[in-house]
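Written out below as structure tokens is the structure these notes cover.
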Ligand SMILES: Cc1cc2nc3c(=O)[nH]c(=O)nc-3n(C[C@H](O)[C@H](O)[C@H](O)COP(=O)(O)OP(=O)(O)OC[C@H]3O[C@@H](n4cnc5c(N)ncnc54)[C@H](O)[C@@H]3O)c2cc1C
């Protein structure tokens with residue numbers, strides 16, 4: 001253990017129970033959903049803010065790397081302790097308190113996103129950002145990655161709901177960015193700098209979140225299209241109507257194929273939709289929500305007109321239990337893809353509307369040039385698509401082709417005026433592509449901020465800016481809680 005002496009010192013200062021050095025604890029904190037494992041020297045479970053401050057102060061004095069961790073569901077390897085040292089685990093800090101009159105929630109960083117929404121629901125309110133991992137991920141992780149979600153189509157992402165943050169600078173001083181007030185114009189907006197900074201600029205220990213009234217009504221429509229391009233063209237046609245669905249999800253035909261094989265039934269039976277080659281349709285899942293039955297019915301009528309004009313078939317419902325059936329393929333397609341390879345590169349690129357068709361064509365070109373399957377689904381209202389490259393991690397030749405494919409995609413995304421990541425962040429997995437997206441002056445400005453706040457390079461060293469070649473590391477084979485669903 002490179003930091004054994006410093007770890008003993010920390011245990012003496014904050015208590016041995018708070019500092020775990022056993023192999024199981026260290027292994028469990030060594031990777032996230034990307035499964036690239038880097039062993040820490042210890043996992044620190046602070047009892048309170050004093051322990052956080054003490055940990056950071058000692059880390060600075062002794063130059064020990066510290067990586068903050070929520071639930072470890074991140075997909076970019078950002079919670080992996082790349083340079084060892086201490087993992088600061090905050091998932092057990094789970095308090096949530098709702099001020100219903102002010103429509104705000106004050107939460108600790110380990111509060112699960114789904115629990116925050118459930119607490120808001122008890123007051124007729126909602127916390128709209130809903131990553132698919134909502135049952136597992138923490139609000140600290142959401143803020144640090146600026147997480148998106150399925151309802152981002154209408155409601156935006158995590159950043160849009162963070163009113164104020166509290167926590168510690170990398171050097172261990174307590175700071176408060178904003179308060180539980182609706183307007184705040186004092187000083188630099190450091191709150192927004194922390195959001196999406198992937199645990200590199202500070203440790204979040206409290207967040208004040210904006211809540212919205214909870215819409216009680218939903219109208220869900222699943223539409224089938226003969227191919228991927230027709231579905232994406234229809235999505236752009238729908239957006240042009242300025243009808244604002246809360247959800248607009250795209251699944252390409254291959255994603256639907258995977259979901260159908262896993263679930264054992266066809267999303268659209270042959271009587272409703274059939275293609276000459278027998279393949280399933282590409283689909284769009286649209287969901288409207290609202291408070292007024294009349295207004296929702298009027299919007300549903302507009303959605304139906306769009307479906308009649310654009311889709312080969314569609315099904316719709318206002319009944320929540322039936323809506324779940326329409327959601328089934330979307331909820332299951334991600335895990336179902338493992339039929340196509342034992343590993344996947346799960347990208348979360350963003351392109352402007354004009355880039356939808358070129359992007360899906362690029363996915364097909366990657367399939368043609370690499371021979372690897374590229375199932376794609378995504379958030380069609382904001383251009384945030386999850387293109388996956390499926391491969392066999394045990395076959396070096398397939399790894400080489402997957403690596404070439406991912407490079408091809410990232411270059412295309414930047415060429416289309418898009419973003420190499422829309423919600424997962426850079427972490428380690430996208431670090432090789434950071435310089436495709438940003439100029440040297442842009443990177444220098446970001447690194448200058450990081451150096452100013454973290455002069456000793458304590459927090460998450462190596463993350464984001466150092467190029468990590470993931471192909472030199474073998475992901476660990478583990479089953480994580482979300483893999484079972
Ligand atoms: C099945 C599945 C579905 C997913 N769907 C989505 C989706 O729809 N949208 C989406 O955006 N993401 C999605 N994700 C990715 C992931 O859930 C999110 O990135 C989530 O925000 C990570 O939260 P976490 O608690 O697991 O954070 P971790 O993975 O533990 O950490 C993520 C980052 O946050 C930092 N961090 C954590 N807590 C703090 C803190 N208190 N202070 C400072 N930094 C901190 C870490 O250092 C790290 O950089 C999905 C993941 C899975 C496995």
ask   = Only one of 289, 299, 277 is at pLDDT below 95 and assigned by TED's automatic domain parsing to the domain that holds residue 398; which?
value = 277
task = State whether the residues of region 178-185 include one that is in contact (Cβ under 8 Å) with a residue 24 or more places away in the chain, more than 23 Å from the chain's Cα centre (by Cα) and surrounded by 15 or more Cβ atoms within 10 Å (Cβ to Cβ).
result = yes
ask   = Take the residues of region 45-84 that are outside any loop (DSSP other than H, G, I, E, B) and near the ligand (Cβ under 9 Å from one of its atoms): which is surrounded by the fewest Cβ atoms within 10 Å (Cβ to Cβ)?
value = 69
Search result, residues across region 116-135 that are buried (at least 16 other Cβ atoms within 10 Å of the Cβ) and within 11 Å of the ligand (Cβ to nearest atom) = 129, 130, 131, 132, 133, 134
task = Kindly indicate whether any position in region 238-261 is within 16 Å of the ligand (Cβ to nearest atom), under 25 Å from the mean Cα position of the chain (by Cα) and without any contact (Cβ under 8 Å) to a residue 40 or more places away in the chain.
result = no
key: Residues of region 153-179 satisfying the condition of being near the ligand (Cβ under 8 Å from one of its atoms) and in a helix (DSSP H, G or I)   = 158
ask   = Filter region 421-455 for residues that are assigned to a loop (DSSP other than H, G, I, E, B) and in contact with a strand residue (DSSP E or B) (Cβ under 7 Å, 6 or more places away or on another chain); which is nearest to the ligand (Cβ to nearest atom)?
value = 423
note = When restricted to 234, 230, 298, the only residue more than 30 Å from residue 168 (Cβ to Cβ) and without any contact (Cβ under 8 Å) to a residue 24 or more places away in the chain is 298
message = Exactly one condition in (1) under 23 Å from the mean Cα position of the chain (by Cα); (2) assigned to a loop (DSSP other than H, G, I, E, B); (3) in contact (Cβ under 8 Å) with a residue 60 or more places away in the chain; (4) more than 9 Å from the ligand (Cβ to nearest atom) is false for residue 106; which is it?
response = (2)
message = Within region 150-161, does at least one residue satisfy the condition of being touching a helix residue (DSSP H, G or I) at 6+ places or on another chain (Cβ under 6 Å) and closer than 30 Å to residue 333 by Cβ?
response = yes
task = Please find, among 113, 138, 145, the residue that is over 22 Å from residue 219 (Cβ atoms), without any contact (Cβ under 8 Å) to a residue 40 or more places away in the chain and surrounded by 24 or more Cβ atoms within 10 Å (Cβ to Cβ).
result = 113
ask   = Of all residues in region 456-485, which are away from the ligand (no atom under 16 Å from the Cβ) and farther than 22 Å from residue 40 by Cβ?
value = 471
note = All-but-one check, residue 95 against (1) within 19 Å of the chain's Cα centre (by Cα); (2) surrounded by fewer than 23 Cβ atoms within 10 Å (Cβ to Cβ); (3) more than 9 Å from the ligand (Cβ to nearest atom), failing number (1)
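The values are calculated or read from the model by the stated rules, or taken from the named source; none is laboratory data. Because the structure is predicted, anything quoted here is derived from the model rather than measured. Because the Cβ atoms are built from the backbone with ideal geometry, glycine has one as well, and the counts that use them run over all protein chains shown.
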